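Reading through the structure tokens given below for one structure.
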Amino acid sequence: MEQNHWIKDFPQIKDNYRFFDSAATSLKPQSVIDAVNDYNQRLSANIHRGMYQQSQEATELYEEARVKVASFINALEEEVIFTRGTTASLNLVARSYGLNHIKEGDVILTNMAEHHSSILPWFNVSKEKGATLKYITLSPEGKVGLEAFKEAINDNTKIVVIHHVSNVLGYASPLKEIIKIAHEYGALVVVDGAQAIQHLKVDVKALDADFYAFSGHKMLGPTGIGVLYGKKQLLNQMTPLEFGGDMSLDVEKDGFSWKESPFKFEAGTMPIAEAIGLKAAIEYLEKATIDKIHTYSEKLYHYLMTSLESIQGIDLYNHQSDTFIFTFNLTDVPSHDAISFFAEKNIALRAGQHCAKLIHDHLGIHSSLRGTIYFYNTYEDVDQLVLAIKEAIQYFKELGF
Ligand code: PMP
């Protein structure tokens, strides 16, 4: 069996800890931890505001992080806004762009496979503006299909809110085609990339995405840092959401002006250490390469699926996940009962609705267990997981479930 040479970089992996919760947050390599520590230990200075060496170096590192993100997704520097995470990024679009551009009678087109962070901000916009939230019909297994999308879009559609990859099923949307068609109707596309950026090569220009959001912590980086990519001409039309230090240009007693993007969207002290950590995370991904990460994870995923598909006593909801998410239930066992069995065995899965209730409604289930294969998982992890699932089936059967 293939040796995993990445595992040594992840200090969290020890004592037979089997981590399958990467869709919730990824593990962090030592290089990311070191980058964050280095800033805190050596610099701990605020950015953009001091002439002293530590402040200048912190500013350089923070802005280098922006350059790194921009080149990673093929954007311009001024199109990369640092935020707290995907949720903050998507709320920023809905409130800054949505509330100022959506009008009564407009349609916001989305689907039932969205994460709550993607869809709830638009509930508010539609309610406040008298617009309609409309849902693309998903396929029975929960995919967004191109034909269904074409049927749903019309001239009233102003915004399409869509995941690049679903966080429950791991299916990738036909994003490029969707964006092309949306633009033909004059609609903008807001992409939730939280589950894609760590698995797929993302080129926002090739996709022609209008907005693309993701979180650092799911791509080996620290918590507390995320990105909103927006097309320059759109960001230029948008007003800031937060007002305060560092975003203003000139302040008079009776008013103020603000800086250009991205600075107008970054009021107050930003997550400096976290941005620097995100840069280290991207460097790690670039060195490991998304291609190799994908190829290894895919092999391991198929190894797992061969076992899962032959186990009697589980309901498996996705079979060809694009990002190696596997979602299931032990038949007739509530996911919150099942999860404690795995937790006791030091196996990290997740139970519940994964902040995506509507896809559970669509699948006709209350909740589910979710796991993800990522490149620091091993064949042994998978063997232990499969064994634990078999034991769990037996255990709950004996309890009378
Ligand atoms: N969208 C998707 C698809 C996600 O998986 C997540 C994370 N669960 C989010 C949005 C929200 O990300 P964050 O909690 O980092 O803001």
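Where a number appears in this text, it was derived from the coordinates with a stated rule and is not lab data. The structure presented is a predicted model; accordingly, all values stated were derived computationally and were not measured. Note that we place each Cβ from the backbone using ideal geometry, even for glycine, and neighbour counts take in every protein chain shown.
In units of the compact-protein estimate 2.2 N^0.38 Å, the chain shows a Cα radius of gyration of 1.03. Given a Förster radius of 41 Å and the C-beta distance between residue 60 and residue 379 as r, what FRET efficiency does 1/(1 + (r/R0)^6) yield to the nearest 0.05? Efficiency, from the Cβ-Cβ distance: 0.45. In terms of surrounding Cβ atoms within a 10 Å radius of their Cβ, 291, 361 rank from fewest to most as 291, 361. Each of 80, 168, 227 has some number of other Cβ atoms within 10 Å of its Cβ, and from fewest to most they run 80, 168, 227. Each peptide in 64-71, 4-11, 159-166 was scored by the mean count of other Cβ atoms within 10 Å over its residues; highest first, the order is 159-166, 64-71, 4-11.
For residue 19, the residues 5 or more places off, or on other chains, whose built amide H falls under 5 Å of its own are 348. For the range 1-127, the extents of the C-alpha atoms along the principal axes are 54, 52, 24 Å, listed from largest to smallest.
The ellipsoid equivalent to the alpha-carbon distribution of the range 61-128 has semi-axes of 28, 13, 11 angstrom, derived from the gyration tensor eigenvalues as √(5λ) and listed largest first. Taking the average, over residues, of other Cβ atoms within 10 Å as the packing measure, peptides 351-358, 249-256 rank 351-358, 249-256 from highest down.
Among the listed pairs 218/299; 201/390; 14/201; 143/218, those whose Cα-Cα separation exceeds 28 Å are 201/390; 14/201. Once both axes come from the Cα atoms, what is the angle between helix 175-184 and the longest principal axis of the chain, in degrees from 0 to 90, rounded to 10? Tilt relative to the chain: about 40 degrees. Among 81-90, 28-37, the peptide with the highest mean count of other Cβ atoms within 10 Å heads the list, and the full ranking is 81-90, 28-37.
Antiparallel beta bridges, as assigned by DSSP with both residues in the chain, represent about 55 percent of the total such bridges.
Max-minus-min Cα coordinates of the range 256-395 on each principal axis give 65, 35, 28 Å, with the largest extent listed first. Tell me the angle of helix 53-73 to the major Cα principal axis of the chain, expressed in degrees between 0 and 90 and rounded to the nearest ten. Helix 53-73 and the main axis of the chain meet at about 60 degrees.
Neighbour counts of C-beta atoms inside 10 Å place 270, 219 in the sequence 270, 219, starting with the fewest. Take every pair of alpha-carbon atoms less than 8 Å apart whose residues are at least six positions apart; their mean separation over the length of the range 31-287 yields a relative contact order of 25 percent. The C-alpha atoms of the chain define a longest principal axis, and helix 116-129 lies at about 50 degrees to it.
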